[in-house]
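Presented below is the structure to which this report refers.
The values are calculated or read from the model by the stated rules, or taken from the named source; none is laboratory data. The shown structure was predicted, so the numbers you read here are calculated from the model rather than taken from an experiment. Using ideal geometry, Cβ is built from the backbone for each residue, glycine included, and neighbour counts are taken over all protein chains shown. Note: areas computed on protein heavy atoms with side chains; ligands, DNA, RNA excluded. Shrake-Rupley method; radii C 1.70, N 1.55, O 1.52, S 1.80 Å.
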Amino acid sequence: MYNKVAIITGSSSGIGAGIALKLSSMGARVVVTGRDERRIQAVVEKCGFVSSGKVLGVRADLLVDTDVRDLVDQTIAAFGCIDILVNSAGIMRISPFDDRSYLDTFDEVMSGDLRCIQVLTHLVVPYIEATKGVIINISSLGGQRPAVEAIAYSMAKNALDMFTRCLAIDLGPKGVRVNGIAPGPIRTPIMDDNVVAMTENYCQSTFPVARIGETNDVSEMVAYLASDKSSFITGAIILVDGGAALV
Ligand SMILES: NC(=O)c1ccc[n+]([C@@H]2O[C@H](COP(=O)([O-])OP(=O)(O)OC[C@H]3O[C@@H](n4cnc5c(N)ncnc54)[C@H](OP(=O)(O)O)[C@@H]3O)[C@@H](O)[C@H]2O)c1
């Protein structure tokens, strides 16, 4: 991992921030990005504490194509290459199908969870091919099991998993591995405090591991998939869900 260059989207918060800290602590040069400048700087500082490696903070709204291009350009200007892309940025919206605003929510989720990943990955692939790097997409258990209260999210994550598999076939011969991680409930700001409390109780009473997930549960798997230790794994969607899919 030493000196590898990693762009981690959604690293101003939650799972992405945990991944940035983990890869930083392993010596990677990390790009921390999101929309909130203050939170980006907070994560950049934390990465600086755990590593002497270089950290770059870039504010970019992934819904704005020119911001996405700027994110890639700033990374290349600072570090000269890209070895690892982790697509972690995402939004979760409740979207029952009979809701009056369902189509608006559908468009918002498809843009925020799917289209922006296409735009960024399309720009990054030539650089990743040059380094024979890796791409890791943060999906969801909700992409594998129908979540009727969040249909659009469930569909977007399911489509993301198919993107992961297609790209693994496409880029495998070029030495690039592409994998997905499907987390179950993880304690992050994507849930408000009330939802976390309810989810904690549910996980304790229902999941085989009897607890809610933490960001390091995901970042440890990212570290493995980003390293050569996983060189025989591509096109996989790996559940990190405490056994939730079983029950
Ligand atoms: N937490 C869970 O239980 C869970 C479970 C399964 C899957 N996941 C997936 O894990 C990923 C990370 O979720 P999380 O729990 O870490 O959520 P989070 O704490 O809310 O973080 C979401 C991140 O995405 C960024 N983001 C959202 N929209 C963006 C945009 N348009 N442009 C740039 N950045 C944008 C946010 O940046 P700013 O805040 O700076 O705008 C933030 O850094 C998501 O893909 C989510 O679907 C989460």
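Values for this structure:
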read-out: Whole-number accessible area per residue in Å² for the chain, which is evaluated in the context of all protein chains at 1.4 Å; value: 48
read-out: Furthest towards positive pole of dipole, V50, V32, S88, structure part region 19-131, Cβ charges; value: V50
read-out: Carbon + sulfur, % of accessible area of the chain - ligands and nucleic acids excluded, 1.4 Å; value: 55
read-out: With at most 13 other Cβ atoms within 10 Å, longest stretch of the chain clear of loop chymotrypsin sites (Phe, Trp or Tyr not before Pro) (DSSP); value: 98-231
read-out: The chain - charge dipole about Cα centre, Lys and Arg +1 at Cβ, Asp and Glu -1, debye rounded to 20; value: 780
read-out: Pairwise label distance in nanometres, A159 with R145, each label 7 Å out on the Cα-Cβ vector; value: 2.4
read-out: Extension gain, N216 back to E108 (0.36 nm per residue minus Cα-Cα distance, nm); value: 36.1 nm
read-out: Rounded Å value of the spacing that divides the Cα centres of region 3-18 and region 207-227; value: 15
read-out: Per-residue HN-Hα couplings for region 157-172 [Karplus 6.51, -1.76, 1.60; θ = phi - 60°; Hz; x = Gly/Pro]; value: 5, 5, 5, 4, 4, 5, 4, 4, 5, 4, 5, 4, 5, 5, 9, x
read-out: Alpha-carbon centroid distance for the pair region 29-59 / region 148-168, whole angstrom; value: 28
read-out: Semi-axis lengths (Å, descending) of the ellipsoid that matches the C-alpha gyration tensor of region 5-239; value: 27, 20, 19
read-out: Estimated distance in nm for a label pair at I91 and Q204, the labels positioned 7 Å out from Cα along Cα-to-Cβ; value: 3.3
